[in-house]
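Note sheet for the following structure.
The values are calculated or read from the model by the stated rules, or taken from the named source; none is laboratory data. Not measured: the values here are computed from a predicted model. Please note: Cβ atoms are built from the backbone with ideal geometry, for glycine as well, and neighbour counts cover all protein chains shown.
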Amino acid sequence: MAAEKETHGNKQNRRGTVCNVVISQETCSRGRQPIIFNPDFFVEKLRHEKPDIFTELVLSNVTRLIDLPGTEFAQLLGEVDPKVPSTGGFFRNLLKRKDKGVVFGMPLTEEGIAQIYQLIEYLSRNLHVEGLFRVPGNSIRQQALREMLNSGVDIDLETGDYHPNDVATLLKTFLGELPEPLLTHRHYHAHLKITGLTLFDERGNKTTVPDKERQIEALQLLFLLLPSANRTLLKLLLDLLYQTAKQQDKNKMSAFNLALMFTPHTIWPKNMTANDLQENLKKLNNCMAFLIKHSQKLFRAPPYIRDHARMQFSGSKILQSKDDLDLLPLGNTVAPKRVRQDADTTQHHTEEALKELFRHVNNNMPDSAKKKKLIRQFVKQSTPGTPVNECQTPPSKKHARSRSFGGLIKRKVLGNQVALEKRGRIVSLEPASNAERRGKENGSPESVSSSLTRVCFSPAQESTI
């Protein structure tokens, strides 16, 4: 009995909801739990708590990448229902909507996805089967499996009663019987436009080379607008097809071959006409093949969307798009008045802090060479508003002379009057000239020395001397 409960519990865990998270693989030798990091945490938070802001943000960036006319844009918003014929149809009218139950033929629910996940998990262990998703299975076994899934019971597919082709065909049947395509009617025209995104040449003309970066970015944005259940199942499906294509050397199913099998079940609008099918079939097949090849990149929000969502909850300045991020360093494009006010406030605080620091150095530090050096640095790096006039140290008997003073005295004593007159002209200080005249009249080195020591030079003047 205990073993049965354990088995049931394992099945329930296996069918849990898949989250877009990254689990740290660090060793937990001390019994610590693994760190779970979701890079799109703030994006999902913005989606649930501020849905209007989230939708406007994503739509504005979608229209930046692709051109959607009024009607198609209104369909993307859900304001206008897509135009589909009420009668007839090329593909979906071939599907018989019988035995609608919990899973088949009903809108997507968490319970339905959990049931279908049993098929996906089984197929992920049998990707080596040749012709998987192309070779049809046994219809009787498929019907029995379908009834079990509709009844909501857990199925042990490892007993050997079912073949992988049975399960693969039933998965396609489930997708084909959804009330609307997995990628929804609203996104149909957007996918056609994304498929047509190409690079430009040096002259600005369009080429035939697909612009993969823009296509991936547009699909990332478009998938953010999908309903939660559709997005979850789409990720499970594309991951399965991606792994299948990686083993194409065994199963002979490339990404394009898989696209041919799944395009009708995921993208085609309901009751599509033969004319529309013929016109857009190649684009839709290429679109599905692109989704399979790049599926590992499509379920991440673009970096600027993550930054915007984080700023919404951190109180920082909000940027609306990738263009805002590119243009921000080139100028004050975001609230210029506010930026100028912030700059003025910061400048004021800086000046006050410099003044306070200068007072502390000038009043509290003892007179020394270090103090003089610090004050010189204040004068050299002064900005408007800093105490430049205060930074000149008062004359001190102990440290009145500097190297320049000694040089002047030495030259005076040796009689180098020409050099002294040149330096006197550059300095052009009245007290210094008077002191020189008194020194010449007296003719004694002591008087010259005493007169010079009474002069207070600024550090800039000292460097000039």
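Quick look at the numbers
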{"item": "Residue pairs meeting the criteria (Cβ under 8 Å; at least 6 apart or on separate chains; first free of Cβ contacts under 8 Å to residues at least 60 places away in the same chain, in segment 190-210; second of a type in the set (Asp, Glu))", "result": "Thr198/Asp211; Leu199/Asp211; Thr207/Asp201"}
{"item": "Subset tally (residues that are closer than 25 Å to Met106 by Cβ and not charged (D, E, K, R)) for segment 124-163", "result": "20"}
{"item": "Any chance Leu175 is of a type in the set (A, V, I, L, M, F, W, C) and part of a helix (DSSP H, G or I)", "result": "yes"}
{"item": "Qualifying position, being part of a helix (DSSP H, G or I), surrounded by fewer than 16 Cβ atoms within 10 Å (Cβ to Cβ) and either in contact (Cβ under 8 Å) with a residue 60 or more places away in the chain or not polar (S, T, N, Q) (or both), among Asp249, Asp239", "result": "Asp249"}
{"item": "In segment 211-230, the residues that are surrounded by 17 or more Cβ atoms within 10 Å (Cβ to Cβ), in contact (Cβ under 8 Å) with a residue 24 or more places away in the chain and either outside any helix (DSSP H, G or I) or in contact with a Gly (Cβ under 8 Å, 6 or more places away or on another chain) (or both)", "result": "Leu225, Leu226"}
{"item": "Residue among Thr232, Thr207 that is under 25 Å from the mean Cα position of the chain (by Cα) and farther than 25 Å from Thr71 by Cα", "result": "Thr232"}
{"item": "Members of segment 134-147 that are within 18 Å of Leu178 (Cα to Cα) and either of a type in the set (A, V, I, L, M, F, W, C) or buried (at least 16 other Cβ atoms within 10 Å of the Cβ) (or both)", "result": "Gln142, Leu145, Arg146"}
{"item": "Residue list for segment 71-103, restricted to those being at pLDDT below 50 and either under 30 Å from Asp154 (Cβ atoms) or of a type in the set (Ser, Thr, Tyr) (or both)", "result": "Ser86, Thr87, Leu95, Lys96, Arg97, Lys98, Asp99, Lys100"}
{"item": "Some residue of segment 62-70 being farther than 18 Å from Leu197 by Cα and either modelled with pLDDT of 85 or more or not in a loop (DSSP other than H, G, I, E, B) (or both)", "result": "yes"}
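Listed here are the residues, each with its yes/no results for (1) at pLDDT 95 or above; (2) of a type outside the set (A, V, I, L, M, F, W, C); (3) out of contact with any His (no Cβ under 7 Å at 6 or more places or on another chain).
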{"position": "Thr198", "(1), (2), (3)": "no, yes, yes"}
{"position": "Asp211", "(1), (2), (3)": "no, yes, yes"}
{"position": "Leu233", "(1), (2), (3)": "yes, no, yes"}
{"position": "Lys252", "(1), (2), (3)": "no, yes, yes"}
{"position": "Ala274", "(1), (2), (3)": "no, no, yes"}
{"position": "Leu284", "(1), (2), (3)": "no, no, yes"}
{"position": "Lys293", "(1), (2), (3)": "yes, yes, yes"}
{"position": "Arg300", "(1), (2), (3)": "no, yes, yes"}
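Residues are listed down the side, and each one gets a yes or a no for (1) in a loop (DSSP other than H, G, I, E, B); (2) within 25 Å of Leu46 (Cα to Cα); (3) aromatic (Phe, Trp, Tyr):
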residue	(1), (2), (3)
Thr207	no, no, no
Thr232	no, yes, no
Leu281	no, no, no
Lys297	yes, yes, no
Ile305	no, yes, no
